[in-house]
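The values are calculated or read from the model by the stated rules, or taken from the named source; none is laboratory data. These numbers come from a predicted model, not from an experiment. Here the Cβ is made from the backbone with ideal geometry for all residues, glycine too, and neighbour counts use every protein chain on show.
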Amino acid sequence: MQALHENKQDVIQQLDAKEKLVLQVALTLQDNTPEKTLALIRDIKSTPLDPLLAVMAAEAHRRLAIRAVTEAGQYAQTLQQQRKKLETIDLSRGLAEADSKLVALAEKLKGSKAVPLAILQLGHTVENVFLVDKTRARLFVYRQNSQGKLYRDADEYVVTGTSTGDKQKKGDKRTPNGVYHFIQQLNDPALHARYGPVSFPIDYPNALDVMHHKTGSGIWMHGYQQDLQRRAPQDTLGCFALPNNKLLAVAKKIRLHHSWVVIGKNIQYVDDTVRLSLRDNVLQAVTGWAKAWSSRNHAAYIALYDPRFHHERHDFTSWNRYKKRVNANKTYIKVSLSDITLIHDPERWPEGEVVVAEFTQDYKSSNLNTVGRKRLYWVRADAASPWKILIEQSIPTYAR
């Protein structure tokens, strides 16, 4: 990566000296020039050696040893078994942080204009969205400007659960996939040694997790232990963690209940026209639901619910009976929606593709007027199928 050596671009100049050196050393391994790796590391005067650089030095020595035995040929015939052992040693887990940061740097230099498909629309009460990309080991913070355009407000290296995949049960060391919110800030000094200067729990398990019988709790965004400088991309018990200085920087951006968290492995980044097309498609379903309800046409209204529908007290059958009875007693109904947020879940669920819609609902009828917040989980089997409501929740209203 010539730009790293030329040091002319802003992205490169913003790197601190240690991170720049780590990336330069990582590039020598990527280019398979272990002599250069060791030469760069030998020039470092600080002790002890940065742990990531120490692992890269070990990898360079391993490659040189394999090369030396290979070049010795017949003379080293008795060492062939040892060479095979060296070839099977896997240090990739220790090198993963450097690999992730090289990819991040390349993406920044390229200046991609792609946006996450996950963020379809943000209501005015949403502060921002924290996007945890497990595949890239990156945490992005996105905001929406006054013209409705998404922009990236932060981009940091992030560590997730030791075990791969979506969280299923307590103690499985997996970080959950899904759509959440930061709900609390923990500043207890007793936590600092293990979790860094501040921690932010999210609302796992959400309603969709509960529907799928997922267990466990205590999923936080937190920092590193006091004695740790670096961590591999998969190294937590299920939380997601940032270096302490980076954690303090992004912590300033969080507004509890108004900062959303989207976590996934299969996060898509697309041209904005693709995102807006899907947004309009989902928005049509959401507003169509409000219109069907207002029309008091029960058949049209209930047709928008999935047969697997779940409410706090109802399944589809009981909800159908309940709403038919209640709405029949009204002479008029008017449902207005505002402050609509639409988040597309990056992962596919057993029911299909999922979008979380959250909004303020102003309900007026002949015998009841209410205003409150509501959350709907919309699902469809494929792009050719209509969106249906899988879960409906009334949720608290939080002051911003």
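When only residues in the range 78-97 that are over 17 Å from R67 (Cβ atoms) and surrounded by 12 or more Cβ atoms within 10 Å (Cβ to Cβ) count, which is modelled with the highest pLDDT?
Within the range 78-97, the match that is modelled with the highest pLDDT is E97.
Being surrounded by 18 or more Cβ atoms within 10 Å (Cβ to Cβ) and at pLDDT 95 or above is the filter here, so list the residues in the range 216-233 that pass it.
G216, I219, W220, M221, H222, G223, Y224
Of (1) acidic (D, E); (2) over 17 Å from the mean Cα position of the chain (by Cα); (3) surrounded by 20 or more Cβ atoms within 10 Å (Cβ to Cβ), E107 satisfies all except one. Which?
With (1) acidic (D, E); (2) over 17 Å from the mean Cα position of the chain (by Cα); (3) surrounded by 20 or more Cβ atoms within 10 Å (Cβ to Cβ) applied to E107, the lone miss is (3).
Can you run down the residue pairs with Cβ atoms below 8 Å, 6 or more apart or on separate chains, where the first is in the range 277-299 and closer than 14 Å to V356 by Cα and the partner is among the aromatic types (F, W, Y) and at pLDDT 95 or above?
N281/W387; V282/W378; V282/W387; A285/W378; A285/W387; V286/F359; V286/W378
Is it fair to say Y305 is farther than 30 Å from R136 by Cα and within 33 Å of the chain's Cα centre (by Cα)?
Yes.
Given the conditions (1) crowded, with 18+ Cβ neighbours inside 10 Å; (2) assigned to a loop (DSSP other than H, G, I, E, B); (3) not aromatic (F, W, Y), which single one is not true for L256?
(1)
Yes/no matrix, rows are residues, columns are (1) assigned by TED's automatic domain parsing to the domain that holds K214; (2) hydrophobic (A, V, I, L, M, F, W, C):
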residue	(1), (2)
V69	no, yes
Q80	no, no
K84	no, no
S92	no, no
A118	no, yes
V132	yes, yes
R138	yes, no
K149	yes, no
T160	yes, no
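Residue under question is Y180, and the condition is that it be of a type in the set (F, W, Y), under 27 Å from E97 (Cα atoms) and out of contact with any Lys or Arg (no Cβ under 9 Å at 6 or more places or on another chain); does it hold?
Judged against the criteria, Y180 is a match.
Provide a single number: the residues in the range 195-247 that are more than 24 Å from S100 (Cα to Cα), without any contact (Cβ under 8 Å) to a residue 40 or more places away in the chain and more than 19 Å from the chain's Cα centre (by Cα).
The total comes to 2.
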